[in-house]
Amino acid sequence: MKRILTLLLFFIIISKISYSYELRLYFSRSYIYDDMLYVDVRTHYENEIYQNIKKYIDNGIILFINYRIDLIKKNLFVNDNVREIYIYRKLYYDFFTKEYVVLNSETMRETRNSDLEILIKNIYQINRIEVINVNKLNKNNKYIFKTRLSMQFQNAYPYLSAFFNIITPIQYRIKWLKSDEFSIKELYYNNM
């Protein structure tokens, strides 16, 4: 019994050490405009995560920040996933122009700046994410939004990887967050 407790304690400590950062995508609000349900989400990067991201990008690594938003219909036993939305932002350093670049997956437009911190502040909040036409939803059912944030890394120039500094990968934990329950009828009422 003592060994089992010791092993359990060891695994708890290891899991806390191996995931030093937690990525969260927060639900801001949902609203209806022209019979379309929209959602706003936001995130926050701690300074340590920002410094690690900067180190990666400065060393030729492309960073994909993935946003996932699920609209879920609440049921008594099993919830139904009504809609899944995947959005990403691609961050990299353009060595020719000496600028940091963010590519928006929705519009496929690039934003450039020589200061990475300013670009990252631009992706803290994503507004007006189109979810679904409310005419397809039952106005009396209860719904929630679940949100998740993750990161992927890709070597921009695999043939030049021998020249880049070796850096430690960011270790982080992905956490699903839920919004409060709402109904479409309540959103109509709140929009007035």
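Would you please give the FRET efficiency between Asn81 and Thr111, computed as 1/(1 + (r/R0)^6) with r the Cβ-Cβ distance and R0 = 22 Å, to the nearest 0.05? Let's see the in-between values first.
Values: r = 32 Å, r/R0 = 1.44.
With a Förster radius of 22 Å, E is 0.10.
Which value results when the Cα radius of gyration for segment 20-191 is divided by 2.2 N^0.38 Å?
Numbers: Rg = 18.6 Å, N = 172, 2.2 N^0.38 = 15.6 Å.
Working it through for segment 20-191, the quotient is 1.20.
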Going by how many other beta carbons lie within 10 Å of each one, how would you line up Ile61, Ile49, fewest first? Ile49, Ile61
In Hz, Karplus ³J(HN,Hα) per residue of segment 38-51 (6.51, -1.76, 1.60; θ = phi - 60°; x = Gly, Pro): 10, 9, 10, 10, 8, 9, 8, 10, 5, 4, 5, 5, 4, 5
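Explain nothing, just the number: dipole magnitude of segment 20-191 about its Cα centre with +1 on each Lys and Arg Cβ and -1 on each Asp and Glu Cβ, in debye rounded to the nearest 20. Write out the running numbers ahead of the final one.
Details: 25 positive and 20 negative charges, 90 e Å.
Approximately 440 debye in magnitude.
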Can you list the lysines whose alpha carbon sits under 25 Å from that of Lys55, skipping same-chain ones fewer than 8 residues off? Lys16, Lys90, Lys98, Lys121, Lys175
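Each value in this text was obtained by applying a stated rule to the coordinates, not by laboratory testing. None of these values were measured; they are calculated from a predicted model. Every residue, glycine as well, gets a Cβ built from its backbone with ideal geometry; the counts of neighbours run over all protein chains shown.
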